Structures are given as C-alpha cells and as structure tokens.
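So the structure is just underneath, and the comments pick up after that.
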Amino acid sequence: MSQTIARVFILDDDGLVRSGLARLLRAAGHHVECFDSPEALLDRTDLADFPTCLLLDLQMPGMNGLDLQRRLQRRMPIIFLTGHGDISSSVDAMKAGALDFLPKPVCEASLLAVLDRALKVAVEEFNKRREREEIEERVGHLTRREREVMALVLTGRLNKQVASDLGAAEKTIKIHRARVMEKMKARSIVELLRLSDKVQVRDAE
C-alpha cells in the first residue's frame, strides 16, 4: 500500500485565524488546506482519497460547526477551536465524536499535541478503509459458486463435506477452493477467515 500524505483541514470564517493556524502547522511540517465555509468543504469530492483531520470553528454564519460535524458523519477526526464555546456545546461535540474541544486563543503546544493524535487516528482509519475496499474487490472477483464454497469452508467443513452440501464432486470443490484462495490472496484458512471478518463475508448471496 502506497504512502498517502495526511492533510489538516482548517475551517474558520476568520481569515486571520486561518492564516495564523496555517503558518503554525506548515512550520511544523503538516500539509494544510484552508476553507472559509462549511459549504466549501462539503463541495470537495475527494475526502475519501487521503487521511484528514479537521480544525473546525464552532460559530460561523449559516451552518455552524456542530451542524457540519453531523453532516460529515465521523468521516474524519475533528478538533473544535472556538472563542464562543460553552459546556453544552463541548458535550454535544464530544458525544458526536469530536477528538477535542479547544478554546481560542489556543495554546500552540496543546494544539500540536492533539493534532498529532488526530492524524494518527485519521491514518489508521484510512488504512483500515482502504484494506476493506481491497478485500471487497477480491470478493467481487469470486464467482457465485466460489462464494458458496468459501462460505462453507469458513465453517470448517472438509472438501468432501462441502461437495456433499453442494451436490458436486470433491475434485471440483478442490478446484473451486484453490481458486478462492488465489483470488482472495490467502495462504491459509486462518488468513481467509481473517480477511472475511474484515468485510463480514459469511454467506453466499
């Protein structure tokens, strides 16, 4: 799997805040993109193409930070930065999955520490999603009969038992089983089971 650069999105309607945060984070070696409205961020069609975390202002004209958080549906770790925070808003944000809720002006050391944690989460989730997509693609290359054989093999049945269940010759089942292992890129039944667990493959469609 090729290395993908993680990005930090900054969303704040205050241009001075955006530019100040961007300078700080770029100086720390981060890849930064800035947005002046929730709509500008939601217009992006490539959000699933790279790991991302979001520094998000709470109070903005129109759609506020909590509204955007709900729209994003946990697609990226979110750190709220606000000069208008209150206990109720912070509780709502954290319940909805926010990684942290920091007041403005933010302590640079605290921000960088939380940001490092957010990016680790973003990269981990991105890699898990990419792995699931790759496994799903392998499953998609299986024929219906191969899926049936795989589902039965994963229950621990032997070739002759699978053959009996499907009304096929044992030799034919051996061929299907070998093709399943090849297409799924699994070197053992244990590995096949691990792969199937990641995409919840159990029964043939």
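List pairs: first residue in the range 124-146 and over 15 Å from Gln200 (Cβ atoms), second residue of a type in the set (Val, Ile, Thr) and in a loop (DSSP other than H, G, I, E, B) anywhere in the structure, Cβ distance under 9 angstrom, at least six positions apart or on different chains.
Here the result reads Phe126/Thr4; Asn127/Thr4; Arg130/Thr4, each pair linking the range 124-146 to a residue that is of a type in the set (Val, Ile, Thr) and in a loop (DSSP other than H, G, I, E, B).
Before we move on, is Arg179 out of contact with any Cys (no Cβ under 9 Å at 6 or more places or on another chain), part of a helix (DSSP H, G or I) and touching a residue at least 40 places away in the same chain (Cβ under 8 Å)? Write out each step before concluding.
Working: out of contact with any Cys (no Cβ under 9 Å at 6 or more places or on another chain): yes; part of a helix (DSSP H, G or I): yes; touching a residue at least 40 places away in the same chain (Cβ under 8 Å): no.
Considered against the rule, which asks whether it is out of contact with any Cys (no Cβ under 9 Å at 6 or more places or on another chain), part of a helix (DSSP H, G or I) and touching a residue at least 40 places away in the same chain (Cβ under 8 Å), Arg179 comes out as no.
At least 3 residues that are over 16 Å from the mean Cα position of the chain (by Cα) and within 30 Å of Glu134 (Cβ to Cβ) in each: list the strands (runs of 3 or more DSSP E) lying fully within the range 10-124 that qualify. Don't jump to the end; show me each part of the working.
Numbers: elements: 31-35, 52-57, 78-82, 100-103.
It comes to 31-35.
Considering only residues of the range 8-18 that are modelled with pLDDT of 95 or more and farther than 15 Å from Thr82 by Cβ, which is surrounded by the fewest Cβ atoms within 10 Å (Cβ to Cβ)?
Within the range 8-18, the match that is surrounded by the fewest Cβ atoms within 10 Å (Cβ to Cβ) is Phe9.
So which residues in the range 126-146 are out of contact with any helix residue (DSSP H, G or I) (no Cβ under 7 Å at 6 or more places or on another chain) and surrounded by fewer than 17 Cβ atoms within 10 Å (Cβ to Cβ), if there are any at all? Walk me through how you get there before you give the answer.
From the range 126-146, those out of contact with any helix residue (DSSP H, G or I) (no Cβ under 7 Å at 6 or more places or on another chain) are 126-130, 133-134, 137, 140, 143-144; that's our starting set.
Asn127, Lys128, Arg129, Arg130, Glu133, Glu134, Glu137, Gly140, Thr143, Arg144, listed by residue number.
The values are calculated or read from the model by the stated rules, or taken from the named source; none is laboratory data. Model, not experiment: these values are computed from the prediction. Note that we place each Cβ from the backbone using ideal geometry, even for glycine, and neighbour counts take in every protein chain shown.
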